1. Of these, M182, M261, which one is open to solvent by 20 Å² or more (accessible area, probe 1.4 Å), outside any loop (DSSP other than H, G, I, E, B) and closer than 18 Å to D127 by Cα?
2. What do you reckon, is F246 crowded, with 23+ Cβ neighbours inside 10 Å, in contact with a helix residue (DSSP H, G or I) (Cβ under 6 Å, 6 or more places away or on another chain) and closer than 30 Å to A99 by Cα?
3. For D176, are the conditions met, namely being open to solvent by 50 Å² or more (accessible area, probe 1.4 Å), part of a helix (DSSP H, G or I) and of a type in the set (D, E, K, R)?
4. Please work out which residue is modelled with the lowest pLDDT, limiting yourself to the stretch 193-243 and to residues that are of a type in the set (S, T, N, Q) and in a helix (DSSP H, G or I).
5. Here is a list of conditions, (1) surrounded by fewer than 24 Cβ atoms within 10 Å (Cβ to Cβ); (2) part of a loop (DSSP other than H, G, I, E, B), and S145 meets all of them except one; can you say which number that is?
6. Considering only residues that are in contact (Cβ under 8 Å) with a residue 60 or more places away in the chain, in contact with a helix residue (DSSP H, G or I) (Cβ under 7 Å, 6 or more places away or on another chain) and within 26 Å of P11 (Cβ to Cβ), which ones fall in the stretch 106-144?
7. Could you run through the stretch 66-116 and say how many residues are open to solvent by 10 Å² or more (accessible area, probe 1.4 Å), of a type in the set (G, A, S) and under 14 Å from the mean Cα position of the chain (by Cα)?
Amino acid sequence: MPAAMEFLRTPDERFDGLPGWGFAPRWLTALPGAAGLRMHYIDEGRDTGGGTALCLHGNPSWGYLYRSMVPVFVAAGMRVVAPDLIGFGRSDKPVDEAAHRFVWHRDLLRAFVEELDLRDITLVCQDWAGLLGLTLPMAMPQRFSRLLVMNTTLATGEALTEGFRQWRDYSSRTPDLEVGRMIARGKPEMTPGEIAAYDAPFPDARHKAALRAFPNLVPDSPQAEGAALSREALAWWRDRFEGSAFMAIGQRDPVLGEPTMRALHANLRGCAPPLVVPQAGHFVPEWGEPIARAALASFGLTGGAGRQ
């Protein structure tokens, strides 16, 4: 990445009064490899025996996706950290789509974990948070203890699903994606305020370079950037992972639905039987409170008492 790049910063006032999102903003302003860009995150609760829940979002969402899970994890005695990827949420947004690369974003997440010195991590991931986040524990296994995974995959360079191809084609034809409206299509009961919260990071199309870039970053051949890394990660989860894992499947997801998740489950060593959520679409954390409680029960973490 260049030493500096043109970027946009969403005005802070766009994030005022978002429903269910009363968490204090924090920023890393000198993250190694970030080319001077500011990365936003929230840091709630404290570890009283439950470790740290590292909640990673995908495209085109941001940390707001985890608003119903954060209080559950905090009540269970966990510290909860949820960053916004560069280009999303309250983080800075490069104007050039070419600034976004698979390995760059993965390396930024690794640097983020190291910078905050996160330990005893429960990795919570969905969508791109899995494509990127599932490659992290093999690089720092001493930091990761548990996994809560929802509608995602590891992009190993194999043939893309038809559902994903359709999404990528739609994204390429839609340079100014209506984020809130799109997410609400999968959950009609979302309120106007929640829909607006998903739109908050993106005042106009110039702020949406990451949204346009990410679908084309998914490795679609064995030689594509990130494919070899993802194959290595898949083998690590299958053969070497020694922690606890829990999976929730949004059954109404047309892009990364139950067949994709069942295939991933078969490669997660020691993963508990998956929780199928029939009403959930792609953005599974929108149904997050009962999922978080089920995962905590599977991990043996309850209430504020921490480990049982």
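1. On the way: M261 fails: open to solvent by 20 Å² or more (accessible area, probe 1.4 Å).
Answer to the check: M182.
2. Values: crowded, with 23+ Cβ neighbours inside 10 Å: yes; in contact with a helix residue (DSSP H, G or I) (Cβ under 6 Å, 6 or more places away or on another chain): yes; closer than 30 Å to A99 by Cα: no.
Here the answer is no, as F246 does not meet what is asked.
3. On the way: open to solvent by 50 Å² or more (accessible area, probe 1.4 Å): yes; part of a helix (DSSP H, G or I): no; of a type in the set (D, E, K, R): yes.
It is false that D176 is open to solvent by 50 Å² or more (accessible area, probe 1.4 Å), part of a helix (DSSP H, G or I) and of a type in the set (D, E, K, R).
4. Of the stretch 193-243, the ones of a type in the set (S, T, N, Q) are 216, 221, 223, 230.
Now restrict to residues that are in a helix (DSSP H, G or I): 216, 230.
Working: N216: 94, S230: 98.
Going through the qualifying residues, I end up with N216.
5. (2)
6. W128
7. So the count comes out to 0.
Condition check ((1) in contact (Cβ under 8 Å) with a residue 40 or more places away in the chain; (2) loosely packed, with under 15 Cβ neighbours inside 10 Å; (3) within 30 Å of F299 (Cα to Cα)) across all residues:
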{"residue": "R9", "(1), (2), (3)": "yes, yes, no"}
{"residue": "E13", "(1), (2), (3)": "no, yes, no"}
{"residue": "F23", "(1), (2), (3)": "yes, no, yes"}
{"residue": "P32", "(1), (2), (3)": "yes, yes, no"}
{"residue": "L37", "(1), (2), (3)": "yes, no, no"}
{"residue": "G45", "(1), (2), (3)": "no, no, yes"}
{"residue": "T48", "(1), (2), (3)": "yes, no, yes"}
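The values are calculated or read from the model by the stated rules, or taken from the named source; none is laboratory data. Just so it is clear, the structure is predicted and the values come from calculations on it, not from any experiment. Virtual Cβ from ideal backbone geometry, glycine too; neighbours counted across all protein chains shown. Just the protein is used for accessible areas: all its heavy atoms, side chains included, with ligands, DNA and RNA removed. Shrake-Rupley method; radii C 1.70, N 1.55, O 1.52, S 1.80 Å.
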